[in-house]
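The values are calculated or read from the model by the stated rules, or taken from the named source; none is laboratory data. Note that this is a predicted model, so its numbers are computed, not measured. All Cβ positions, glycine included, derive from the backbone under ideal geometry; neighbour counts span all protein chains shown.
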Amino acid sequence: MIGVLLINLGTPEAPEPAAVRTYLGEFLSDPRVIEIPKWAWQPILRGVILPTRPRKSAEAYRQVWSEEGSPLAAITARQAKALQAALPDVRVDHAMRYGRPAIADRIEALKREGCERILLAPLYPQYCAATTATANDKAFAKLATMRWQPAIRTLPPYYDDPAYIGALKESVEASLARLGFEPQALVVSFHGMPERTRTLGDPYYDHCLATARLLSQALGRELVVTFQSRFGRAQWLEPATDVTLAALPAKGVKRVAIVAPGFSADCVETLEELDIRGRETFLESGGTDFAYLPCLNDSEAGMAMLRTLIARELAGWTEAK
Ligand SMILES: C=CC1=C(C)c2cc3[nH]c(cc4nc(cc5[nH]c(cc1n2)c(C)c5CCC(=O)O)C(CCC(=O)O)=C4C)c(C)c3C=C
Ligand SMILES: [Fe+2]
Ligand SMILES: [Fe+2]
């Protein structure tokens, strides 16, 4: 039996400061995410960030929480369910790098159900050590404890894959067709990263630009590329999404649409930071019309893309049989 494990970032269990503190404590203690020596970083994390940030972040989570819980958790679960329905011969599951469902628990469960081969699929189109690599690391750390390990494949980054670019084009065009206005600019916002990771050899920035270039060609229109969610005092990738949204109206761009192709599921970073706060920033700066275009999520286009990417990896196993 073959198992497929969809992996995303993780999210708090509840939109409350205590749950957010637990989540951020695990997330921001990951040396793949914060590349500062532990002895220097932990006092800042424990003494400054964890006593203050969870209250503010919990407020952001509260604004996007639904009956199904955190959007990231709910959408990832739906993606796994839809993929399972489309691929009845394999066992599809999902896990989160931080929090639950834990990667180790789901690998254990897949193995127990007879999966001797597992495809790890971190759902990040653009490779980044802080996302893709740490998800795989966590899975390999579990394998290190197993006497009888399953065989493993990992889903490569798909930032330039025609299936991904095609799905984005279809999704963006469908969303734009539903708008009641014609945007003068289409802003493409990726999650930011410290600028330093670029010079250290992380391909993330280049992958983001390649996605934007291919999407621009596919749509036949120019895009404004930005990076969001700056964290900490270091220099992050630029231009920043919030600064760009604030500056566009003075340049005569009063109507914008914004999309976040680096997120495979809508989450607090898209629904709160872009759709709520980004909108406020733009309209308060003199913009007149703002539209946030949803992520691929478990849409028809998004699921068709996932089926293509995953079936291609599985073919390496099934064709050999
Ligand atoms: C899509 C790719 C992502 C990259 C690259 C990334 C890097 C990165 N993020 C932080 C800090 C935070 N990110 C937070 C939320 C968050 N980040 C991603 C994705 C990427 N992060 C997602 C999908 C989410 C949403 C989770 C959810 O529950 O909906 C947060 C938490 C929210 C907050 O408090 O603002 C933080 C903090 C760093 C430092 C970093 C790279 C070094
Ligand atoms: Fe993040
Ligand atoms: Fe954010």
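Identification of strands (runs of 3 or more DSSP E) wholly contained in the range 115-215 with 3 or more residues that are closer than 20 Å to Leu72 by Cα yields 117-122, 185-191. Arg307 fulfils the conditions (1) in the same structural domain as Ala85 (by TED's automatic domain parsing); (2) part of a loop (DSSP other than H, G, I, E, B); (3) not β-branched (Val, Ile, Thr) except for a single criterion, (2). Of the numbered criteria (1) more than 16 Å from ligand 2 (Cβ to nearest atom); (2) part of a loop (DSSP other than H, G, I, E, B); (3) surrounded by 18 or more Cβ atoms within 10 Å (Cβ to Cβ), the one Pro12 fails is (1). For the range 149-166, does any single residue satisfy the condition of being out of contact with any Leu (no Cβ under 7 Å at 6 or more places or on another chain) and surrounded by 23 or more Cβ atoms within 10 Å (Cβ to Cβ)? Checking the range 149-166: at least one residue is out of contact with any Leu (no Cβ under 7 Å at 6 or more places or on another chain) and surrounded by 23 or more Cβ atoms within 10 Å (Cβ to Cβ). Just to be sure before I move on: is Leu168 of a type in the set (A, V, I, L, M, F, W, C) and touching a strand residue (DSSP E or B) at 6+ places or on another chain (Cβ under 7 Å) in the structure I sent? For Leu168, the condition - of a type in the set (A, V, I, L, M, F, W, C) and touching a strand residue (DSSP E or B) at 6+ places or on another chain (Cβ under 7 Å) - is not met. Total residues in the range 1-60 satisfying the condition of being within 17 Å of Ala129 (Cα to Cα) and within 16 Å of ligand 3 (Cβ to nearest atom): the figure is 7. If the condition is being within 13 Å of ligand 1 (Cβ to nearest atom) and among the small types (Gly, Ala, Ser), then the range 229-275 contributes Ser229, Gly232, Ala234, Ala260, Gly262, Ser264, Ala265. The residue that is surrounded by the most Cβ atoms within 10 Å (Cβ to Cβ), counting only those in the range 105-134 that are within 15 Å of ligand 2 (Cβ to nearest atom) and under 15 Å from Asp93 (Cα atoms), is Pro122. Arg277 meets the conditions (1) outside any helix (DSSP H, G or I); (2) touching an Asp or Glu at 6+ places or on another chain (Cβ under 8 Å); (3) closer than 17 Å to Pro71 by Cβ in every case but one. The failed one is (1).
Evaluation of Leu283 against the conditions (1) within 16 Å of ligand 1 (Cβ to nearest atom); (2) of a type outside the set (D, E, K, R); (3) under 26 Å from Ser66 (Cα atoms) shows that the sole unmet condition is (1).
Just one of (1) among the polar types (S, T, N, Q); (2) surrounded by 14 or more Cβ atoms within 10 Å (Cβ to Cβ); (3) more than 27 Å from Glu272 (Cβ to Cβ) fails for Gln217. It is (2).
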